[in-house]
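The values are calculated or read from the model by the stated rules, or taken from the named source; none is laboratory data. As the structure is a prediction and not an experimental result, all values here were calculated from the model. All Cβ positions, glycine included, derive from the backbone under ideal geometry; neighbour counts span all protein chains shown. Keep in mind that these areas ignore ligands, DNA and RNA; they rest on the heavy atoms of the full protein, side chains included. Shrake-Rupley method; radii C 1.70, N 1.55, O 1.52, S 1.80 Å.
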Amino acid sequence: MRAATFVLILALTWPLSAAELESRVLTHYLPQDLLETAIRTEGWTEVTLDLKGGVRKGDVVRIWAGGSIDRGNGDQPGENTNGPQGVESPKDAVDLAKLALSQRAEHAFALLFKTEGTDLHRASTPGKPLEIKVAKDKERLWLGFNDERGRYQDNHLGKGRRHELDPLWVRIEVVRIVVD
């Protein structure tokens, strides 16, 4: 009697149990020289997501970022620093029309990411990931620092007199959702 009840319960619940499994297929810390190039370039720097078969439609790219960026523009190194998420009140700090990658106030002095779509994504606050859903197979990813035109050569990773403290870091994860 007990075996028959167990089989009946199993038969009733079996078709209803589908689970999503999250599988991290890539974890990559961006090298410091790539980040230095990105924040000192007035434009976009491509990030290669090197995994077998490339990224697929439906994958999620999670980007964790922290540290600091010295934007220069001061008498001493370390006077004008901010995190990868940008500055709190950009209206006092800069003329938005002079920004190179985006003229939106929330993108001022921020590390920006984009895919082949039209949306720009600002790095999240430290401790929270930025999540970008991949819209097509083999989609590419770029990063850039939104500074004033002509001011990119002043930028450095980190803060302090020799930029030795709290350098910028970025970790990228590609997560694939598998329905079981």
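Overview of results
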read-out: Per-pair calculated FRET efficiency, R0 = 30 Å: W44 and V178 via Cβ, rounded to 0.05; value: 0.45
read-out: Portion, in percent, of the accessible area of the chain that falls on carbon or sulfur, probe 1.4 Å; value: 52
read-out: Exposed trypsin sites (Lys or Arg not before Pro) absent - longest run of the chain, DSSP non-H/G/I/E/B, at most 11 other C-beta within 10 Å; value: 58-148
read-out: Linear extension gain, E106 paired with Y29, 0.36 nm per residue minus alpha-carbon span; value: 25.2 nm
read-out: For R140, distant residues with modelled amide H under 5 Å away; value: E116
read-out: Solvent-accessible area per residue for the chain (1.4 angstrom probe, square angstrom); value: 59
read-out: In sequence order, calculated HN-Hα J values of region 130-146 (Karplus, 6.51, -1.76, 1.60; Hz; x Gly/Pro); value: 8, 10, 10, 7, 6, 8, 8, 5, 6, 5, 9, 10, 10, 10, x, 10, 8
read-out: Residue of E22, E148, E131 that the Gaussian network model of the chain assigns the largest fluctuation, springs spanning Cα pairs under 10 Å; value: E22
read-out: Rule-of-thumb Rg ratio for the chain [Cα; 2.2 N^0.38 Å; N residues]; value: 1.37
read-out: Residue-averaged 222 nm ellipticity for the chain, from DSSP H runs of 4+ at -39500 (n - 2.57), nearest 500; value: -3500 deg cm²/dmol
